[in-house]
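Chemist: Next up is a structure, given as structure tokens.
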There are 2 protein chains.
Amino acid sequence: MALNMQTTLRTHTCGELRLANVGQTVTLTGWVQTVRDLGKFAFVDLRDRYGRTQVVATIEQGELYDQLRKLGREYVLRVTGTVAERESKNAKLPTGDIEVRVQQLELLSPAKVPPFMIDDETDGLEETRLTYRYLDLRRPVMQQRLMLRAKMVRAVREYLDDLAFVEVETPTFIKSTPEGARDFIVPSRLHPGSFYALPQSPQILKQLLMVAGMDRYYQIVKCYRDEDFRGDRQPEFTQIDCEMSFVTQEDILSTFEGMVRHVFEQVLEVKLGSIPRMSYQEAVTRYGSDKPDLRFDLPLHELNAALAQTQFPPFREAVDANGLVIGIVLPGAAGYTRKQLDELTDWVKAPQRGAKGLFYLRKQADGNWKSSADKFFTPEELAELARYTGMKDEDLLLAISDRPSKARKLGGELRNELARRENLIQPGTWDVRWIIDFPLFERDEETGALNPAHHPFVMPHEAEWHLLDDPNADLTQVRALCYDMVMNGSEVCSGSVRIHRKDIQEKIFARLGLSEEEKQEKFGFLLRAFEYGAPPHAGCAFGLDRWVMLAAGGETIRDVIAYPKNSSGRDMMLDAPSLVNPDALREVGIKLL
Amino acid sequence: MALNMQTTLRTHTCGELRLANVGQTVTLTGWVQTVRDLGKFAFVDLRDRYGRTQVVATIEQGELYDQLRKLGREYVLRVTGTVAERESKNAKLPTGDIEVRVQQLELLSPAKVPPFMIDDETDGLEETRLTYRYLDLRRPVMQQRLMLRAKMVRAVREYLDDLAFVEVETPTFIKSTPEGARDFIVPSRLHPGSFYALPQSPQILKQLLMVAGMDRYYQIVKCYRDEDFRGDRQPEFTQIDCEMSFVTQEDILSTFEGMVRHVFEQVLEVKLGSIPRMSYQEAVTRYGSDKPDLRFDLPLHELNAALAQTQFPPFREAVDANGLVIGIVLPGAAGYTRKQLDELTDWVKAPQRGAKGLFYLRKQADGNWKSSADKFFTPEELAELARYTGMKDEDLLLAISDRPSKARKLGGELRNELARRENLIQPGTWDVRWIIDFPLFERDEETGALNPAHHPFVMPHEAEWHLLDDPNADLTQVRALCYDMVMNGSEVCSGSVRIHRKDIQEKIFARLGLSEEEKQEKFGFLLRAFEYGAPPHAGCAFGLDRWVMLAAGGETIRDVIAYPKNSSGRDMMLDAPSLVNPDALREVGIKLL
């Protein structure tokens, strides 16, 4: 607890009185949580950010008693009284041993009846809660989430400050960048017709801080992306943005692994141990995702080899036409009903997933087999599948087939869904790992064009530099010094070693087919800065909102943001965005279409 | 120094080797500051954020020697060698006792010749320095300023965290507010024709956090004002924004006085002592400014009473027509030459100040008087002026006359100018004080309309609440619970107690002549929130850029901002603002005028 919670208006908070305070005269301030009138006694639970304290008046107190019992929920009070031991204690409340016998009561503000229950459990729908966010944030669970966020940020800063990272603020008004998502833009009144762009990240600015010799930089910073809302996104979000000079990938991984361990230990009281690393290749082939959740196992099995002779048409097609059959063994699930299997089939075939079907194979304890395509399989083939996947009696094998990237993605999604249905995830467990060795390039599946998998400044593995010179090399095999940290199946951090060498940069631009003009237009500014002496450097950025959400056990990042936008980018409380006075538009040199 | 400055590429920084390291083999990385070829030896000063270290090769080392002496300024190196004691030590450098005898040299990056000297003193003009900011920030003095900024921010957070303030992020995309300066606006693509506004401050959002029961809030936050550039402003700037509940003005003053003392002591090693308070009235009448610099005295004297009989026309007019004659005694300055006095006269008469003239009176040691208007003054009148102002032999009295508010303002400006010319300010001294009791209302000098001096939510002094009910009261006499902190004549903090009581708020709106409709349109949102139980609350905001600038001894806030805009709001390095693709405009539903 803090040094001094006392103010002119209160002697204590509603969270701090204990038996040791009995007999003291105290003054508390706060909101009325509940009023109970028991005839002889009237009780009020007074609430502030620090806790709840019971305040009591007896019928002998006359007017004071009457005042107290007539208070409404959420009235703001100032109460002076004597601390007394309670007759019936409340073991659930830290202040549950005492009560305050009121001597003076000051109503600081009355309150309308709130539109939903102000408590951890509430009957408020999210849109109502967002409209009355100032009431929603009175709920202790919401206050605790905001406090957890602040504590995590504090622990991050502690760690980085101690390693001589300098917190540097970079500007919000920058220049539109050609890469990535859409920029939000801000019209300039002093330069009509020109616009600032809001940063999607301070990527270039932090690289320039390395060119400037700042050596170790961090910033906890708002970033902006004008994306269509999908999933759990916000147009503005917060990054822990970091960069170091004279380092290799190893330095970054160990430094930020240390940071994550420090935060977990200091704030969440979780000892993480060392953070394992997994290659992108392994993550994708074994778990169907570059952000696998390993709080449960359920690996993917690539079944093509076991299906060389299959007559089952979809599998036959996959084996013949460079497709992939992916299977997952769900232990002990041979008893799945037809209904359960139909539900799963519908789930994988839903439009957003688009599987063509779901094959299943039950290996029953009586030695019988039952599959969704019995007439296409000989018992030997089924036995081979079981042998190949290591399936045991009472296990269930589920399989899908598609082109490889889609089959893996479907497999990864099915794996997560099975874990959810089977409750395979122990609450309170953490799976934190680095995914490394991402590919440097990716090919557009439609045009066949080679693109940077992240951005064109990511350094390739030294062992593969020679491939850049080889006109026949399959460049999708070039691995990048690029890494993500994945927490319980969510990406919370992403980063890379940056190219500081002109020769390598030039080769990559050449392989990407960028003309001199495009290079200059898109990246000229950074390339020119690098000509004045760029150190080797690397960095990463953590998505703070998501990390806090995971730590807080929230459902969405909106739960850990004080005033979030709703899913269509609207602030329900402020009613923003909104119309603007035409004069204000004219002043900045624009008009509506 | 930090826990671990070692990385895969270096064993030490350029700032840490000492005699104790002699004999060790070390690897350093950094930029070439200087190269000196002495024939038998070649020396390189290698620089990083942490310091400089001398690296040496001897002619016997052949190629290595040759490599070293041919290096250019700002090349980036990795050097391995043995630490040895220097023959001629450099007492000015912390590493000046040693040098590194090079065994291995790796050129990490070459560098073009920088366009200006990379050192504390530089020949670069500001526009060039801003264009090549990544080189300007290599100058140790600039790095130290950014590090000082980070340290001050850290000390602020330490102090507030320990007092249970919660750091809460408020959004950047909010709704346009009707008060204050112009908002920057951001067109919304998802809601074409609508705009977000960027916050001029999180004022309303932090007040809502108090309604939400967060009790103690802070945020170090970017704010945005679309102003014409005057003086030392930036379109984006950083505030230390704070708010507390269940407090009085006294709690705020003592809490933030404590914060400022903590930062001065921790970061600047300055013990401030308690921070004096001065009323707005005293500041303005005695020093001609609501941000007086009291590192020097030079009080203003109101001379009307001593000039009751004056025949000097400008003073006569002031005395007769509600004007004010303001004098300043400059001790020991009776010897000011005619040229000096003419310069001062020109200075006060310059268009941006607009004085009508400057009267002077020399009181010479020989008992003679000399004034700029001798023929209008009897010796008795001059003696009376001297007696009234307490001027002594060899002192100089300067006086101007105008309407009172302008005369005071001119007096305040003249006071500062005299201190500058006379070097009255001891370097390294600090004058920090609270200015309190600002007026709640001000009258428009042209229309006579009553306006809030700050905003309409500032609480008046309780002693003056009755004036709000008195239709004949002079409301400009109502004092506000409003306070500024002034540091060496610059306002670094401003705040107020907010009105949480509906009855007082209604009276103030009534006296301001706001209709129900205007009230609802401008403030309805906050007033509605207050109906659900608002605690008494108060807060303040510090201008971080300015505070750091004062602490760093910078000339402008641009010196303590990594990537500032120039005086026309342009980022010279990024070339922003800039034109935007017409498609991007169409997408957000706007076009250029």
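Chemist: Translational D (Stokes-Einstein, µm²/s) of region B:91-134 at 25 °C and 0.890 mPa s when Rh comes from the Kirkwood sum over C-alpha pairs? Don't jump to the answer; show the numbers that get you there.
Modeler: On the way: Rh = 13.9 Å.
Rounded, D is 177 µm²/s.
Chemist: Given Cβ point charges of +1 (Lys, Arg) and -1 (Asp, Glu) and nothing else, what value in debye, to the nearest 20, does the dipole of chain B about its Cα centre take?
Modeler: On the way: 76 positive and 89 negative charges, 309 e Å.
In debye, rounded to 20, chain B gives about 1480.
Chemist: Give the Rg (one decimal place) followed by the Dmax (whole number) of the protein assembly as shown, computed from C-alpha coordinates and expressed in Å.
Modeler: When restricted to Cα atoms, the protein assembly as shown yields Rg and Dmax of 35.5, 129 Å.
Chemist: Would you mind pulling out the separation of the Cα centroids of region B:514-588 and region A:50-71, in Å?
Modeler: Cα centres, region B:514-588 to region A:50-71: 45 Å.
Chemist: Hey, got the average number of other protein chain Cβ atoms within 10 angstrom for residues in B:157-169? Please list the in-between numbers first.
Modeler: Details: counts 7, 3, 1, 1, 5, 3, 4, 9, 2, 8, 9, 8, 14.
Per-residue shielding by partner chains comes out at 6.
Chemist: Ignoring everything but the protein chains, give the 1.4 Å probe accessible area of B:ILE174 in square angstrom, nearest 10.
Modeler: 20 Å²
Chemist: Among A:SER372, A:GLY354, A:ALA308, which residue has its Cα furthest toward the positive end of the charge dipole of region A:296-421, with +1 on Lys/Arg Cβ and -1 on Asp/Glu Cβ?
Modeler: Positive-most Cα among the choices belongs to A:GLY354.
Chemist: How big is the dipole moment of region B:287-426 about its Cα centre under a simple scheme where the beta carbon of each Lys and Arg is +1, that of each Asp and Glu is -1, and everything else is neutral? Debye, nearest 20, please.
Modeler: Values: 21 positive and 21 negative charges, 79 e Å.
Charge dipole of region B:287-426: 380 debye, to the nearest 20.
Chemist: Still on this structure, I have one more. Could you work out, residue by residue across B:29-36, how many beta carbons of other chains sit within 10 Å of that residue's beta carbon, and then give the average as an integer?
Modeler: Working: counts 6, 6, 5, 1, 0, 0, 0, 0.
Rounded to a whole number, the mean comes out at 2.
Chemist: Say a site is exposed when it is one of the GluC sites (Glu not before Pro), sits in a DSSP loop, and has at most 10 other Cβ atoms within 10 Å; what is then the longest site-free stretch of chain B?
Modeler: Details: sites that count: B:GLU87, B:GLU121, B:GLU269, B:GLU445, B:GLU446, B:GLU555.
Segment B:270-444 is the longest.
Chemist: Then there's this: What FRET efficiency would be calculated for the residue pair A:ARG295, A:LYS370, taking the C-beta separation as r and a Förster radius of 25 Å, to the nearest 0.05? Please list the in-between numbers first.
Modeler: Numbers: r = 30 Å, r/R0 = 1.20.
Efficiency, from the Cβ-Cβ distance: 0.25.
Chemist: Please state the relative contact order of chain A as a whole percent: Cα pairs under 8 Å, 6+ residues apart? Don't jump to the answer; show the numbers that get you there.
Modeler: On the way: 1084 pairs, mean separation 77.9, N = 593.
Here the relative contact order equals 13 percent.
Chemist: So, in Å, what gap is there between the alpha-carbon centers of region B:495-510 and region B:417-456?
Modeler: 24 Å
Chemist: Heavy-atom accessible surface, probe 1.4 Å, ligands and DNA/RNA ignored: which residues of region B:188-207 lose at least 50 Å² versus the isolated chain?
Modeler: Going by heavy-atom accessible area, the residues of region B:188-207 that drop by at least 50 Å² are B:ARG189, B:LEU190, B:HIS191, B:PHE195, B:TYR196.
Chemist: Which value, in Å² rounded to 10, gives the accessible area of B:THR128 with a 1.4 Å probe and all protein chains present?
Modeler: Per-residue accessible area (B:THR128): approximately 50 Å².
Chemist: Let me test this: with uniform point scatterers at the alpha carbons of region B:414-514, what is the Debye-based log₁₀ I(q)/I(0) at q = 0.12 1/Å?
Modeler: The Cα Debye sum returns log10 ratios of -0.52.
Chemist: If you don't mind, another one. Enter the accessible area per residue of region B:19-109 (Å², integer; probe 1.4 Å; all protein chains in place). Working shown, then result.
Modeler: Details: 4180 Å² over 91 residues.
With the other protein chains kept in place, region B:19-109 gives 46 Å² per residue.
Chemist: Here is a follow-up. Holding the Cα-Cα limit at 30 Å, pick out from A:LYS151/B:LYS291; B:LYS175/B:LYS591; B:LYS349/B:LYS392; A:LYS206/A:LYS409; A:LYS271/A:LYS406; A:LYS175/A:LYS565 the pairs that are longer than that. Present the calculation step by step, with values, prior to reporting the outcome.
Modeler: Details: A:LYS151/B:LYS291 37 Å; B:LYS175/B:LYS591 22 Å; B:LYS349/B:LYS392 27 Å; A:LYS206/A:LYS409 34 Å; A:LYS271/A:LYS406 36 Å; A:LYS175/A:LYS565 25 Å.
Violating the 30 Å Cα-Cα cut-off are A:LYS151/B:LYS291; A:LYS206/A:LYS409; A:LYS271/A:LYS406.
Chemist: Okay, moving on. As I understand it, the value is the acute angle between the Cα axis of helix A:404-421 and the longest principal axis of the Cα atoms of chain A; what does it come to in degrees, rounded to 10?
Modeler: Between helix and principal axis, roughly 30 degrees.
Chemist: Let me know the mean shielding of B:530-543 by other chains, meaning the per-residue number of their Cβ atoms within 10 Å of its Cβ. Could the numbers behind the result be given before it?
Modeler: On the way: counts 3, 4, 16, 19, 6, 10, 8, 0, 0, 0, 0, 0, 0, 0.
Mean shielding count: 5.
Chemist: Sorted by accessible area (1.4 Å probe), largest first, how do A:ARG69, B:ARG216 line up? Provide the component values of the computation, followed by the final result.
Modeler: Details: A:ARG69 85, B:ARG216 5 Å².
Correct descending sequence by accessible area is A:ARG69, B:ARG216.
Chemist: Just to verify a number: FRET efficiency for A:LYS271 and A:LEU19, C-beta to C-beta distance, R0 = 25 Å, to 0.05? Kindly include the intermediate steps, with their values, before the conclusion.
Modeler: Details: r = 34 Å, r/R0 = 1.36.
Once rounded, the FRET efficiency stands at 0.15.
Chemist: Another question, then. Give me the summed buried accessible area for the A-B pair, 1.4 Å probe, to the nearest 100 Å². Could you put the intermediate results ahead of the total?
Modeler: On the way: alone 30250 and 30220 Å², together 49250 Å².
Buried area (both sides, nearest 100 Å²): 11200 Å².
Chemist: DSSP loop (so not H, G, I, E, B), at most 14 other Cβ within 10 Å: list which trypsin sites (Lys or Arg not before Pro) in region A:119-183 pass both filters.
Modeler: Qualifying residues, ordered by number: none.
Chemist: With every protein chain kept in the model, how would you rank B:TRP434, B:TRP465 by accessible area, 1.4 Å probe, largest at the top?
Modeler: Details: B:TRP434 0, B:TRP465 60 Å².
Largest accessible area first, the residues go B:TRP465, B:TRP434.
Chemist: Could you please state, rounded to a whole Å, how far the C-alpha centre of region A:108-178 is from the C-alpha centre of region B:291-306?
Modeler: 48 Å
Chemist: In vacuum, with every alpha carbon of chain B counted as one equal point scatterer, what does the Debye formula give for log10 I(q)/I(0) at q = 0.08, 0.11 Å⁻¹? Two decimals, please.
Modeler: Results for chain B at q = 0.08, 0.11 Å⁻¹ read -0.78, -1.18.
Chemist: Where Lys and Arg each count +1 and Asp and Glu each count -1, what net charge lies around B:GLU516 among other residues with Cβ under 13 Å from its Cβ?
Modeler: Details: positive: B:LYS519, B:LYS522; negative: B:GLU506, B:GLU517, B:GLU518, B:GLU521.
Result for the local shell: -2.
Chemist: Separate question: Among the aspartates and glutamates, select those whose C-alpha is under 18 Å from the C-alpha of B:LYS375, and discard any that sit fewer than 8 residues away in the same chain.
Modeler: Once the sequence-local aspartates and glutamates are set aside, what remains near B:LYS375 is B:GLU317, B:GLU384.
Chemist: What does the charge dipole of the protein assembly as shown about its Cα centre add up to, to the nearest 20 debye, if the Cβ of each Lys and Arg holds +1 and the Cβ of each Asp and Glu holds -1?
Modeler: Values: 152 positive and 178 negative charges, 42 e Å.
So the magnitude is around 200 debye.
Chemist: So, one more: In percent, what relative contact order does region B:19-109 have, based on Cα pairs under 8 Å that are 6 or more apart in sequence?
Modeler: Working: 210 pairs, mean separation 29.8, N = 91.
Relative contact order for region B:19-109 comes out at 33 percent.
Chemist: Arrange the peptides B:565-577, B:344-356, A:574-586 so that the one whose residues have, on average, the most other Cβ atoms within 10 Å appears first.
Modeler: Values: B:565-577: 20.2, B:344-356: 13.7, A:574-586: 16.5.
Output ranking for B:565-577, B:344-356, A:574-586: B:565-577, A:574-586, B:344-356.
Chemist: Mind giving me the FRET efficiency for A:ASP503 and B:LYS70? R0 is 22 Å, r the Cβ-Cβ distance, nearest 0.05 is fine. Don't skip to the answer; put the middle values down first.
Modeler: Details: r = 20 Å, r/R0 = 0.91.
The pair A:ASP503/B:LYS70 has a calculated efficiency of 0.65.
Chemist: Calculate the tail of P(r) for region B:19-109: the fraction of all Cα-Cα distances greater than 21 Å, expressed in %. Each step should come with its number before you reach the end.
Modeler: Numbers: 834 of 4095 pairs.
Beyond 21 Å sits 20 percent of the P(r) for region B:19-109.
Chemist: Work out how much length B:LEU512 to B:ASN423 would gain on full extension: take 0.36 nm times their residue separation and subtract the Cα-Cα distance, in nm to one decimal. Intermediate results must be reported in sequence, preceding the final value.
Modeler: On the way: separation 89, 0.36 × 89 = 32.04 nm, distance 4.55 nm.
Stretched fully, the B:LEU512-B:ASN423 segment lengthens by 27.5 nm.
Chemist: Where the accessible area of the protein assembly as shown is counted over protein heavy atoms with a 1.4 Å probe, how much of it, in %, is carbon and sulfur? The partial results should precede the final answer.
Modeler: Working: 23620 of 49250 Å².
The computed percentage sits at 48.
Chemist: Sticking with this structure for a sec: Relative contact order of region B:296-421: what whole-number percent is it, with Cα pairs under 8 angstrom and at least 6 residues apart? Write out the running numbers ahead of the final one.
Modeler: On the way: 203 pairs, mean separation 46.0, N = 126.
Computed value for region B:296-421: 37 percent relative contact order.
Chemist: Please identify the trypsin sites (Lys or Arg not before Pro) of region B:370-401 that satisfy two criteria: DSSP loop assignment and at most 15 other Cβ atoms within 10 Å. Which are they? Before the final figure, lay out each step's value.
Modeler: On the way: sites: B:LYS370, B:LYS375, B:ARG387, B:LYS392; in loops: B:LYS392.
Counting only loop positions with at most 15 other Cβ atoms within 10 Å, the trypsin sites (Lys or Arg not before Pro) in region B:370-401 are B:LYS392.
The values are calculated or read from the model by the stated rules, or taken from the named source; none is laboratory data. Nothing here was measured: the structure is a model prediction, and the numbers come from that model. Heads up, the Cβs are rebuilt from the backbone with ideal geometry, glycines too, and the neighbour counts pull from every protein chain shown. For the accessible areas, the whole protein counts, side chains as well, though only heavy atoms, and no ligand, DNA or RNA atoms are used. Shrake-Rupley method; radii C 1.70, N 1.55, O 1.52, S 1.80 Å.
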